[in-house]
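A.B. asks: Below is the structure I would like to discuss, written out as structure tokens.
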Amino acid sequence: MLVVWVAVRAVGPAEAARQPAVVLPSIPQVPLAVTTSAPLVTPTATPSPSRSASRSPSRSSSPSPSRTRSSHTPVPEKTATKPPPAAPTTTQAPPPPPADVFSAALSLPASWEQGYVASVRVKNVGGTAESWSVTVSHSGQDNLRLAGTWNARGSQSGDNLTFTGGPLAPGASISFGYQVSKSGRGNARPSGCSVVGGKCGVS
């Protein structure tokens, strides 16, 4: 219609009454150039990377559980074991007491309210010559005092009297005496005696 209207305007009404000849423009034929350097990419090939990418993580992640299961080794259960019996402890017997070296005996030839006189016999029952020491103890004696000693050396510490001498040969014996005084009522008398390295008795 546009072409007819242009023809009427150009040639006038007389010419316009004629049947116009419509000439369609020719469309040039453009040959399609097919290049062989690169293959045609079809649209269906596009999802291929996505499928391969989706399969790739699944394949890489699937071995992980298998490796974890393979690294797990069963731990053997511990069996309760009884401790070995304790070794019996051997206790050493105490050494036997040493053999007596001396023996002593105390007797009272005289005793009164204000004092007494004692005689002590000491004997060496050992195998070697040794010096001797005898201690005489008292209990309940007021103002006890060592008045004199013969055939020994005597000293006083509180209510205890100590007499020493020697050395005394094996099998030999010696006798010594002493006198004490006191105050208060009751007869004076020792409560006990002891000799170093042996036993002492009071009679």
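The values are calculated or read from the model by the stated rules, or taken from the named source; none is laboratory data. Because the structure is a prediction, the values reported are computed rather than measured. Here Cβ is always computed from backbone atoms with ideal geometry, including for glycine, and neighbour counts include all displayed protein chains.
A.B. asks: So which residues in the range 146-200 are among the hydroxyl-bearing types (Ser, Thr, Tyr) and in a strand (DSSP E or B), if there are any at all?
C.D. replies: The answer is 149, 155, 157, 162, 164, 173, 175, 178, 181, 183, 194.
A.B. asks: Is it true that residue 131 is more than 30 Å from residue 186 (Cβ to Cβ) and modelled with pLDDT of 95 or more? So that I can check it myself, show each step before the final result.
C.D. replies: Details: more than 30 Å from residue 186 (Cβ to Cβ): yes; modelled with pLDDT of 95 or more: yes.
Spelling it out, residue 131 is indeed more than 30 Å from residue 186 (Cβ to Cβ) and modelled with pLDDT of 95 or more.
A.B. asks: Considering only residues that are surrounded by fewer than 14 Cβ atoms within 10 Å (Cβ to Cβ), among the aliphatic types (A, V, I, L, M) and in a strand (DSSP E or B), which ones fall in the range 106-131?
C.D. replies: Once the filter is applied, which keeps residues that are surrounded by fewer than 14 Cβ atoms within 10 Å (Cβ to Cβ), among the aliphatic types (A, V, I, L, M) and in a strand (DSSP E or B), the range 106-131 yields only 110.
A.B. asks: Quick check on residue 145: is it surrounded by 15 or more Cβ atoms within 10 Å (Cβ to Cβ), charged (D, E, K, R) and over 58 Å from the mean Cα position of the chain (by Cα)?
C.D. replies: Taking the combined requirement at face value, the residue does not satisfy it.
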